[in-house]
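Scroll down for the structure; my scribbles are underneath it.
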């Protein structure tokens with residue numbers, strides 16, 4: 001039987017963040033390939049045992065990942081976890097990654113997670129259904145099937161159930177598309193809940209080393 005081919009892995013010493021158990025946790029990357037990475041979880045006050053990681057992964061094995069030195073951010077699946085010499089090691093398999101995200105993070109101030117789900121926004125006392133494109137702790141990008149005359153700076157109400165979010169948002173930018181639909185960037189103004197579960201910030205200004 002032929003030995004299963006494995007992607008070339010480059011040994012390196014780098015640092016990053018994963019979002020697990022509603023916390024941004026520091027990691028030390030040991031090797032990297034085009035399909036994934038092997039890393040060690042840095043000491044922290046939230047997780048110190050393998051069982052705690054398995055508990056945090058009960059609903060989904062997918063975590064958000066940020067590697068500032070390699071300018072990568074996105075999602076990865078946890079495919080292996082083990083404790084060796086008191087350190088928690090794990091293997092991640094990339095699901096989706098964006099490159100050169102550092103400049104975008106500096107401009108946007110927060111990581112944007114790709115989430116496609118429906119919601120409702122109100123303009124001129126009329127509700128419109130939208131699809132989110134990406135979501136951050138500061139705002140959301142949405143797609144509307146209709147092309148509306150909405151001005152930048154407009155403040156209105158919105159709601160989408162997947163993240164249990166509702167409140168007031170400000171229209172930051174508007175982009176009309178050729179098929180009479182539109183994209184819209186919204187900034188949270190007043191939220192019913194302050195903490196948005198499931199969305200990391202991944203602040204590029206903080207020192208993660």
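Which of the peptides 58-64, 15-21 is most tightly packed, and how do the rest follow, judged by the mean count of other Cβ atoms within 10 Å per residue? Before the final figure, lay out each step's value.
Working: 58-64: 13.9, 15-21: 20.6.
By packing density, highest mean first, the sequence is 15-21, 58-64.
How high is the relative contact order of the stretch 10-99, in percent, with contacts defined as C-alpha pairs under 8 Å that are six or more residues apart?
27
For the stretch 113-191, take the convex hull of the Cα atoms, compute a quarter of its surface area, and give me that in nm², please.
4.6
Cβ neighbours within 10 Å, averaged per peptide: list 149-157, 48-56 in order, most packed at the top.
The most tightly packed comes first, giving 48-56, 149-157.
Arrange the following residues from fewest to most other Cβ atoms within 10 Å of their Cβ: 160, 130. Display every interim value, and only then the final one.
On the way: 160 21, 130 24.
Least to most surrounded, the residues fall as 160, 130.
Can you give the Kirkwood hydrodynamic radius of the stretch 33-102 from its Cα pairs, in Å with one decimal?
With all distinct Cα pairs of the stretch 33-102 included, I get 12.8 Å.
Can you give me the relative contact order of the stretch 113-191 as a percent, contacts being Cα pairs under 8 Å and 6 or more apart?
28
Each value in this text was obtained by applying a stated rule to the coordinates, not by laboratory testing. Not measured: the values here are computed from a predicted model. Backbone-built Cβ (ideal geometry, glycine too); neighbour counts: all protein chains shown.
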